[in-house]
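Before any comments, here is the structure.
The values are calculated or read from the model by the stated rules, or taken from the named source; none is laboratory data. Note that the structure is predicted; figures quoted are calculated from it, not measured. Note: ideal-geometry Cβ built from the backbone for every residue, glycine included; neighbour counts use all protein chains shown. Quick note on the areas: whole protein, heavy atoms, side chains included, nothing else; ligands and nucleic acids left out. Shrake-Rupley method; radii C 1.70, N 1.55, O 1.52, S 1.80 Å.
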Amino acid sequence: MGPDCVHWELVEQLRGHAWRSDARLRIDPRVLVLAESSFTPMGHEIVHILEANRIKYKLELAGKSLPVLTHLDKGRYAVIVFERLESYLNMDKWNRELIDKYCREYKVGILTFTHPEDALIKAQVRGFPLYVHTKLSLRDYHVNAQSAILRLTRAGNVVHGPLPDKDWTVFVLNHTTYEPLSYAKLHLTGSPVDPSVQDAGDINYVTAVLDKGLFDDIQRVIFGNGFKFWLHRLLFLDALSYLSHGKLSITLERYLLIDIDDIFVGKNGTRMVPSDVQALIDAQARIRRTVKDFHFNLGYSGYYYKAGVGAEDDGDEAIIANARHFWWFPHMWRHLQPHKFDNLTLLELDMLRNKQFAQNHGLVLNQSYAVAPHHSGVFPVHEQLYTAWKRVFDVQVTSTEEYPHLRSPHRRRGFVHRNIRVLPRQTCGLFTHTIFLERYPGGRGKLDYSIRGGELFQTFLYNPINIFMTHLSNYGNDRLALYTFESVIKFVQCWTNLEIKTVPPVELANVYFDMFPEEVSPIWRNPCDDKRHLSIWSVAKTCSRLPKFLVIGPQKTGTTALYSFLGLHPSIRSNANSPTTYEEVQFFNGKNYFRGLDWYMDFFPPVDNSSDTVLFEKSANYFDSDVAPERAHALLPHVKLLCILINPAKRAYSWYQHMIAHQDAVAMSNTFYQVITADENASKAVRDLKHRCLNPGMYASLLERWLDYYPPKQIMIIDGEKLRSDPVSVMDRVQAFLGLEIYFDYSKKLKFSKKKGFYCQVLDNNKTKCLGASKGHQYVPMEPKEEEYLRKLYRKDNIALSKLLPRLGRSIPSWLQEELADLR
Ligand SMILES: Nc1ncnc2c1ncn2[C@@H]1O[C@H](COP(=O)(O)OS(=O)(=O)O)[C@@H](OP(=O)(O)O)[C@H]1O
């Protein structure tokens with residue numbers, strides 16, 4: 001099946017529509033996918049395409065009850081995708097009416113694929129003036145140039161030859177509501193013998209159809225087959241854009257950067273000779289005819305300059321002689337992996353030698369871009385690499401395949417660390433060993449398929465920014481890389497309206513983070529959870545310097561008391577004190593997170609794998625942080641979490657008193673009542689204080705956020721009143737929850753202090769050591785109107801908590817029972 005690209009200039013097509021209409025203002029940019037099961041390949045493909053295009057979605061099983069479709073006066077889904085048309089048609093009456101009503105009211109379209117079980121001839125689609133023939137083999141596919149749906153798909157060409165799969169459905173349209181989206185002809189071999197279609201070899205059958213909504217006021221796009229046929233991926237994206245009134249339109253710009261990472265690194269016999277260098281320059285010139293200012297981006301490791309044989313050394317000289325034609329970036333002097341340098345000075349020296357090479361050979365390094373051999377040290381971060389890059393080359397941009405993981409390339413993303421912007425790289429199937437076209441792994445057909453609708457084409461299709469890594473050897477001998485890129489660019493330009501551009505790396509990073517600002521913040525992961533990450537992480541680092549459990553708060557519930565009790569246990573050790581926040585590291589919730597993993601791990605002592613030592617950290621403001629659950633889970637998915645709950649009204653008052661004790665100016669100049677009742681007329685400072693005071697007490701909704709990431713069995717909820725009145729039994733339960741091997745008898749180490757009114761630690765000399773004056777303040781009780789106000793404020797959340805706790809198999813603490821006594 002070859003794509004002919006001869007007619008496209010002639011075709012009049014409605015191009016570049018964004019299909020924006022006001023209907024998009026009433027819907028969220030999210031797709032509801034109703035799949036057959038979570039395991040079907042088709043369901044997977046749908047999700048894959050959505051994820052690759054960063055389109056938010058919710059996956060539900062068709063046939064089960066529908067999720068909530070609206071929120072306030074907005075529709076939660078911009079398009080409904082049914083994996084199978086049949087599931088939509090066979091919905092029970094109640095759900096069918098619900099979904100149709102939603103689609104009509106919010107002008108939301110349905111996108112679906114037919115997959116009937118039986119071979120049907122002109123069978124009616126139940127309830128619609130639409131007929132189908134099924135189980136057909138087809139050939140010669142083309143799209144309807146007049147279709148209003150086409151946006152990134154370019155019409156005018158024919159996919160000649162038989163189409164994959166013998167299970168196609170074609171549509172016979174019997175109403176003006178239907179408009180063909182694509183056509184194909186019958187491929188008679190293998191099709192069911194049907195006299196009405198036997199002699200119809202030359203007829204164009206409709207293979208995908210748009211229902212314009214003239215029949216029942218709902219727009220639909222129905223495909224007669226799935227994604228085994230590559231063009232359906234484009235049409236699927238166009239249909240999403242069309243049916244969502246432009247809400248789900250992906251950009252049509254595609255930025256391309258082709259790095260040749262190792263321009264002097266390659267085995268003898270595989271390197272470039274002078275004619276290859278000329279071919280590279282010629283190819284670059286050809287690509288520039290359609291991709292303005294295109295440059296190959298050359299990375300060098302100077303040590304290997306002229307390390308070839310015979311004409312290969314002339315090839316290296318030719319590269320240098322033609323250096324001005326290309327962009328240049330540094331690799332490492334001897335192609336060593338930066339994570340192997342723990343010593344910053346040695347790492348810098350290596351880079352300086354490479355820099356010297358560039359100066360000696362007139363290479364202009366003005367791109368502020370660098371790439372590390374084997375992605376080493378970029379992610380997981382080797383801080384020394386970031387420091388050395390900044391100092392030696394003023395690096396501002398790099399790229400890697402490793403964030404967040406190499407696998408699942410469609411989920412690769414970018415991040416920023418220490419002002420170095422890390423862009424995701426894509427794989428194009430060219431490695432140091434892919435040298436000859438005919439010896440391409442899997443055969444030449446595999447490469448050609450990748451280019452013509454397969455993996456490489458899809459990479460272009462889904463990624464607005466494509467940075468590809470290639471190697472010297474791909475440009476020598478068969479010049480496989482030149483064939484690959486020139487072909488794929490042609491193919492993209494032939495079948496899509498994507499506009500391919502090239503800009504220098506720094507500009508590319510600007511474009512990337514303007515497009516995806518949410519990716520600026522990194523998400524640190526445990527390098528030991530990924531073999532590949534471990535292999536590019538310094539051996540001097542160890543994952544044992546990470547906590548096994550976290551005390552997450554909230555503030556003013558007794559977290560310091562718990563922290564001090566935990567410290568008495570012979571197996572438990574906490575982090576070192578922070579100079580600014582004392583025993584709390586406060587990593588996951590705020591700016592410290594951007595200091596990186598090394599910064600965090602340095603707070604913890606190295607722990608021998610064979611020891612019983614269990615590390616923990618307590619930061620009481622993790623509990624109500626909106627980012628901490630995701631961040632903590634990404635790094636510490638197996639960690640156990642401890643939180644303490646007391647009456648939220650009491651907690652709020654204690655927090656306010658704490659601020660008074662610390663002479664907080666805003667608290668000092670406002671009564672507690674003024675703070676908690678502050679409305680939009682109050683100053684921002686007072687409103688902020690109110691938020692910090694009250695928000696952590698919304699226990700149920702905050703716990704739900706943690707439960708989005710952690711299973712209930714990893715979370716212990718401690719009754720703060722019990723911790724205060726009977727810490728020994730609480731600590732026994734804590735020990736059991738943590739699964740500690742050594743049991744510690746707290747009854748001998750904790751004693752009630754009448755003076756303080758709390759349990760304190762018993763020292764060896766039998767004296768007691770209590771928490772400092774900042775814990776257990778003496779203050780006037782809350783006023784009744786304050787109590788009343790807070791009771792009302794927290795009531796809804798308290799009720800939710802009283803439902804959540806039993807659902808998690810936890811008992812309801814006495815303070816909550818009292819609080820909700822009137823409900824029983
Ligand atoms: N054993 C023991 N010793 C001292 N204090 C105890 C103890 N058990 C519970 N509490 C209660 O803990 C409250 C302080 O909570 P936190 O330590 O979580 O506060 S902080 O967020 O770390 O500032 C503190 O609140 P205030 O009384 O309002 O100061 C105490 O009520």
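Considering only segment 786-804, I want to know if a residue exists there that is within 16 Å of the ligand (Cβ to nearest atom) and either outside the structural domain of residue 702 (by TED's automatic domain parsing) or over 20 Å from residue 720 (Cα atoms) (or both).
yes
On the given criteria, is residue 763 among the aliphatic types (A, V, I, L, M) and either within 26 Å of residue 555 (Cβ to Cβ) or touching a residue at least 60 places away in the same chain (Cβ under 8 Å) (or both)?
So residue 763 fails the test.
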Just for helices (runs of 4 or more DSSP H) wholly inside segment 620-690: which have at least 2 residues that are farther than 20 Å from residue 583 by Cα and within 11 Å of the ligand (Cβ to nearest atom)? 648-661
Being of a type in the set (Ser, Thr, Tyr) and either assigned to a loop (DSSP other than H, G, I, E, B) or in contact with a Pro (Cβ under 6 Å, 6 or more places away or on another chain) (or both) is the filter here, so list the residues in segment 370-416 that pass it. 376, 403, 408
For segment 552-575, how many residues are buried (at least 16 other Cβ atoms within 10 Å of the Cβ), within 16 Å of the ligand (Cβ to nearest atom) and not in a loop (DSSP other than H, G, I, E, B)? 11
Kindly check whether there is at least one residue in segment 541-551 that is closer than 22 Å to residue 651 by Cα, assigned to a helix (DSSP H, G or I) and open to solvent by 10 Å² or more (accessible area, probe 1.4 Å). no
Here's a check for you: in segment 754-773, which residue that is open to solvent by less than 50 Å² (accessible area, probe 1.4 Å) and either within 11 Å of the ligand (Cβ to nearest atom) or among the polar types (S, T, N, Q) (or both) is nearest to the chain's Cα centre (by Cα)? 772
With the first residue restricted to segment 80-91 and required to be free of Cβ contacts under 8 Å to residues at least 12 places away in the same chain and more than 12 Å from residue 46 (Cα to Cα), and the second required to be assigned to a helix (DSSP H, G or I) and not β-branched (Val, Ile, Thr), Cβ contacts under 7 Å at 6 or more apart or on different chains are none
Residue 684: passes all of (1) touching a residue at least 24 places away in the same chain (Cβ under 8 Å); (2) over 19 Å from residue 795 (Cβ atoms) but (1)
Quick one: count up the residues across segment 423-445 that are open to solvent by 70 Å² or more (accessible area, probe 1.4 Å), out of contact with any helix residue (DSSP H, G or I) (no Cβ under 7 Å at 6 or more places or on another chain) and assigned to a helix (DSSP H, G or I). 1
Say whether the condition of being under 20 Å from residue 564 (Cβ atoms) and not acidic (Asp, Glu) is met by at least one residue in segment 707-716. yes
Can you confirm whether segment 716-730 contains a residue that is away from the ligand (no atom under 13 Å from the Cβ) and within 25 Å of residue 628 (Cβ to Cβ)? yes
Residue by residue through segment 576-617, note down the ones that are assigned to a loop (DSSP other than H, G, I, E, B), away from the ligand (no atom under 16 Å from the Cβ) and of a type in the set (Asp, Glu). 602, 608, 612
State all residues of segment 507-540 that are among the aliphatic types (A, V, I, L, M) and open to solvent by 40 Å² or more (accessible area, probe 1.4 Å); if no residue qualifies, say none. 515, 520, 534, 539, 540
Residue tally, condition farther than 18 Å from residue 298 by Cβ and in contact (Cβ under 8 Å) with a residue 60 or more places away in the chain, over segment 423-438: 1
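Can you give me the number of residues within segment 487-515 that are in contact (Cβ under 8 Å) with a residue 12 or more places away in the chain, part of a helix (DSSP H, G or I) and of a type outside the set (A, V, I, L, M)? I'd like the intermediate steps shown before the answer.
Going through segment 487-515, the residues in contact (Cβ under 8 Å) with a residue 12 or more places away in the chain turn out to be 487-506, 508-509, 511-513, 515.
Filter once more, so that each one left must be part of a helix (DSSP H, G or I): 487-495, 505-506, 508-509, 511-513, 515.
Now narrow it down to the ones that are of a type outside the set (A, V, I, L, M): 487, 490-491, 493-495, 505, 512-513.
The number of residues fulfilling the criteria is 9.
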Mind checking which residues of segment 370-416 are of a type in the set (Asp, Glu) and touching a helix residue (DSSP H, G or I) at 6+ places or on another chain (Cβ under 9 Å)? 383, 401, 402
Of everything in segment 731-747, what is farther than 18 Å from residue 644 by Cβ and within 16 Å of the ligand (Cβ to nearest atom)? Give them in sequence order. 747
